[in-house]
Amino acid sequence: MQKALDLFQRISSDLINDEKSHPVSDYIPSKRLYKQLDFALRDNPISEKEFEEVLREIVFASPRTATPSFFNQLFGGRNETAVLGELLSVLLNNSMYTYKAGGAAVGVEKSVLRSVCNTIRWGEDSDGTFASGGSLTNFMAMLMARDTTFQDVRKKGMHTPITVYTSEESHYSIPKNAAFCGIGRDQVRYIATDKKGKMIPQELIFQIEEDIDDGYVPSFLNLTAGTTVLGAFDSIEDLLPIARKYNIWTHVDGAYCGSVIFSNRYNNLIKGLQGVNSFSFNAHKMIGTPLTCSLLLVKDKTQLYRSFSNEASYLYQTETDEFNPGQTSLQCGRRNDALKFWALWKSVGTKGLEKIVDKQFALADIARNYVKKHPDYELHSFDDSISICFSYKGTDAKTLCRELYENNTLLVSYGERKNQDFVRLVTINAQNEEKDILDFFKLLERFVQENKSTQSASSISEPQDV
Ligand SMILES: *Cc1c(COP(=O)(O)O)cnc(C)c1O
């Protein structure tokens, strides 16, 4: 093992050094991928030297997600304490189904879950679990809603059509999960949003009443804490009473921005969370742990047992259910995703988590102010969000983002809303500083000036100033 660790040490040190001068790895057109790198698996072993070389090539060719030039998705950065926790969980290779196989890891996971429940002021009846992504924690929430609406559905299958409600700006996992659950994509109701991307309460009421009249049974309301494009927060306070009135399970999908629970300054964005049935968030997004670290919290833990436990005498041989987390999870074998989060939390404290979250909003303010102040930009997003959506000098956002990528300049993506395309800058890397955000704009401006192809016909004739 020591040899492998030495190799890891060499390659990772070289990568981290190289990232300083090359924050974006060289773009490889997908057409050339299999020609450029040696992926082929052969009958015979290769020498240690060749092996090191090929590993190094793949590592160096991979997209760099921890540098100040990566703004492409809803994750980024490299928190060293969390990385350390992740490396140790790989080395230990425990599985989370039983106490016998997990041991101390069960204590780590349960402590994280308990502390999150305490943070949202849920009592002893609450609990949770981890799943391999926000799509799957959302899936688990929808299943619990379905099983609550019809207690016999686990045995008999679906018999009466049920409906689920989510905003038109919510994540695509909602319709996907409705298909998995046997609810069906056609029974997903996309509720209209206001100008700032929040679900409109009156529209929700209209839709529920119409569905009841048509013979459907409303079952699940999904509210989003941080929509994928705008980073908007549905108002839990306004929408939860509607769900309660119609006996609908309320889930908050906080995959992107649910981590605001750790911030005294920003937890007002999820005011009312204490009253919902379930809540999920990805610590690999705002908190910055390595992928994946997705938590599902449930106010009444009996719902978790009801939907996910199963008899398995070959597996559950010692201890009570509390120490056998396999009784409440989607998977059987499951990796220890809690250790990286626990390691970070333990070392920086809840106050440290709060700083991480607040820093992202501070960076977002810097970016938004820059866009507002510069007449060449147009802002399409709103305050209290870490997504900054903008257009620049009439450039086409899709072309601009693609060319920035293909020229190894910046990794940033575009978004679309109400027939408007724009660049979406996400300030999720809390290790960035003001300078990194300002450098982003400088790089983008210089790139547009030097690359006429990014300029749309209407803007080419305008004078260029940087
Ligand atoms: C990222 C995201 C998800 C999906 O999470 P994965 O871990 O990528 O599966 C779900 N909902 C929202 C709002 C997200 O931003």
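The values are calculated or read from the model by the stated rules, or taken from the named source; none is laboratory data. Please read these numbers as outputs of a predicted model, since none were measured by experiment. Backbone-built Cβ (ideal geometry, glycine too); neighbour counts: all protein chains shown. Protein only, heavy atoms only, side chains kept; ligands, DNA and RNA dropped before computing areas. Shrake-Rupley method; radii C 1.70, N 1.55, O 1.52, S 1.80 Å.
Once you order the gyration tensor axes a ≥ b ≥ c over the Cα atoms, which shape class does the range 333-466 get: rounded for a/c under 1.5, otherwise prolate or oblate by comparing a/b with b/c? Here the range 333-466 falls in the prolate category. Can you give the accessible area of residue 47 in Å² (nearest 10), computed on protein heavy atoms with a 1.4 Å probe? Around 50 Å² of this residue is reachable by solvent. The listed residues 368, 306 rank as 306, 368 when sorted by accessible area, largest first, using a 1.4 Å probe. From its DSSP helices (H runs of at least four residues, each -39,500 (n - 2.57)), the chain gives a residue-normalised ellipticity at 222 nm of -13000 deg cm²/dmol.
Neighbours of residue 126 by Cβ distance under 9 Å: Lys/Arg scored +1, Asp/Glu scored -1, total -1.
Sequence neighbours fewer than 8 away in the same chain don't count; with that in mind, list the lysines whose C-alpha is under 19 Å from residue 372. Of all the lysines, those that pass the test against residue 372 - Cα under 19 Å, at least 8 places apart if same chain - are 195, 196, 393, 435, 442.
Placing +1 on the Cβ of every Lys and Arg and -1 on the Cβ of every Asp and Glu, with nothing else charged, gives the range 84-344 a dipole about its Cα centre of roughly 600 debye.
In a simple Cβ point-charge model (Lys, Arg +1; Asp, Glu -1; nothing else charged), the range 36-88 has a dipole of about 280 debye relative to its Cα centre.
Sorted by accessible area with a 1.4 angstrom probe, largest first, how do 30, 95 fall?
30, 95
Cα centroids of the range 1-32 and the range 285-355: 31 Å apart.
Rounded, prolate or oblate: which one fits the chain, using the alpha carbon gyration tensor with axes a ≥ b ≥ c (rounded when a/c is under 1.5, else prolate when a/b beats b/c, else oblate)? Here the chain falls in the oblate category.
Extension gain for the segment residue 434 to residue 58, taken as residue separation times 0.36 nm less the Cα-Cα distance, is 132.2 nm to one decimal.
The solvent-accessible area of residue 83, taken with every protein chain present and a 1.4 Å probe, is close to 40 Å².
Each Lys or Arg adds one and each Asp or Glu subtracts one; over the other residues with Cβ under 13 Å from the Cβ of residue 48, this totals 0. Taking a ≥ b ≥ c as the square roots of the eigenvalues of the alpha-carbon gyration tensor, the range 84-344 is classed oblate because a/c is 1.5 or more while a/b is no larger than b/c. Within the range 324-352, list the residues whose amide N lies under 20 Å from a label point set 7 Å along Cα→Cβ of residue 314. Residues passing the 20 Å test: 324-335. Taken about its Cα centre, the range 116-213 carries a charge dipole of about 340 debye when Lys and Arg each add +1 at the Cβ and Asp and Glu each add -1 at the Cβ.
Find out how many positive minus negative residues lie around residue 336, taking Lys and Arg as positive, Asp and Glu as negative, among other residues whose Cβ is under 10 Å from that of residue 336.
Here the count lands on 0.
Solvent-accessible surface of the chain, averaged per residue with a 1.4 angstrom probe and all protein chains in place: 48 square angstrom. Rounded to the nearest 10 square angstrom, residue 152 shows an accessible area of 60 square angstrom against a 1.4 Å probe. Using a simple spin-label model with pseudo-atoms 7 Å out from Cα toward Cβ, residue 5 and residue 43 lie 3.7 nm apart. Within the accessible surface of the range 84-344, defined with a 1.4 Å probe on protein heavy atoms only, the carbon and sulfur portion equals 50 percent.
Each peptide among 429-441, 384-396 gets the average number of other Cβ atoms lying within 10 Å of its residues, and from highest to lowest they stand as 384-396, 429-441.
Residues whose amide H lies under 5 Å from that of residue 133, counting only those 5 or more places away or on a different chain, are 294; hydrogens are built 1.01 Å from N in the peptide plane.
For 115, 453, 219, the ranking by accessible surface with the largest value first comes to 453, 115, 219, using a 1.4 Å probe.
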